[in-house]
Amino acid sequence: MTSRPLVILGLIIIAIAVFAAIGSFVRGLGSGAAPKENAANQAPAAPEAVSPSFYASTTQTAGSQSPSSYQTLTASSTFTVPFPDSSTIDTSSWLMYVDNQNGYTIEYPPDLVQGGSKNAPSFAFPTKTYFHWPLQDDAKVTITVAASCPGVVSQGLGGEGPDKLTLNGQPSVRTVGVDVTAGNRYLEIAYDTTASGKCYHVDFLDHGANGASGAGIDDISLDKKYDAAHDADLAAVITIFNGMVKNFHILAQ
């Protein structure tokens, strides 16, 4: 008779211990969020797929330049930049910028973004409109008027000029500069016209990665496809710049 209370007491103690263990387990589940996956261990995103439309120029009126007519700019590249007279681009929808103080006008596509300053206006090409991923350059045209003509980026990597030409009836000089450094590439094309003791400097500056590998794409086959598309994009932008230069006019002083 004396053993039954002890048995019951022992069962009660065991039950209390079991309930306490269950409660502790449940509280442990609700005490914190699930562990996050280590970002460093996640698989890298696959490169963007290349579709056939990737190779079509986004600038439909930019002329008929082909990728082969403009080489990728690297330290060992040779290339030829066409002169403005070769441009047959349709400018009927372009806008005109007039600077009466400095005495010139220039026409430009309406989607270019105007910036700079009053004495050095710039016209930037919207990156995503004119260049395909991943080689989306920063390209802009700037006009300056000063007592002397400024220089251009280094010509040590295969630039051209200075070349003399007649631009809209005015004796002018064209200089092309190229610079490649730390995965970056710079291309500058400048037209200088001296009139009434002033230098009218129409400048195109393009800054981008030095090829798809410089943009972080390590797949050789993709490198070639992206580089070819970029060559076509840059050639189209240069054709537009040539159209702007062709429609640059110094006003009678």
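What follows is calculated from the coordinates using simple rules that are stated; it is not laboratory data. Just so we're clear, the structure is a prediction, and the values are computed from it rather than from any experiment. Here the Cβ is made from the backbone with ideal geometry for all residues, glycine too, and neighbour counts use every protein chain on show.
Step through the table entries LYS128/LYS246; LYS164/LYS225; LYS224/LYS246, compare each Cα-Cα distance with 27 Å, and write down the pairs that go over it.
LYS164/LYS225; LYS224/LYS246
Can you tell me the dipole magnitude for the range 68-250 around its Cα centre, using point charges on the Cβ only (Lys, Arg +1; Asp, Glu -1), in Debye to the nearest 20? Could you put the intermediate results ahead of the total?
On the way: 10 positive and 20 negative charges, 86 e Å.
Around 420 debye, computed over the range 68-250.
Need the full-extension length gain, ALA252 to ASP163, defined as separation in residues times 0.36 nm minus the C-alpha distance. One decimal, nm. Kindly include the intermediate steps, with their values, before the conclusion.
Numbers: separation 89, 0.36 × 89 = 32.04 nm, distance 2.48 nm.
Gain in length upon complete extension: 29.6 nm.
What's the local net charge at LYS246, with K and R +1, D and E -1, over the other residues with C-beta under 9 Å away?
-2
Grab the eigenvalues of the alpha-carbon gyration tensor for the range 68-250, scale each by 5, take roots, and send me the semi-axes largest first in whole angstrom.
Ellipsoid semi-axes (Å, largest first): 29, 18, 14.
Using packing as a proxy for protection, rank 164-176, 196-208, 108-120 so that the peptide with the highest average count of other Cβ atoms within 10 Å comes first.
My ranking of the peptides, most packed first, is 196-208, 164-176, 108-120.
Of TYR226, TYR97, how do they rank once you tally other Cβ atoms within 10 Å and put the fewest first?
TYR97, TYR226
Suppose R0 equals 45 Å; then what is the FRET efficiency for ALA182 and ASN100 from their Cβ-Cβ distance, rounded to the nearest 0.05?
The value I calculate is 0.60.
First select every other residue whose beta carbon is under 12 angstrom from the beta carbon of ASP203; then total the charges, Lys and Arg +1, Asp and Glu -1.
Net charge in that neighbourhood comes out at -1.
Just the Cα atoms of the range 105-210: what Rg and Dmax do they give in Å?
In Å, with Rg to one decimal and Dmax whole: 14.6, 45.
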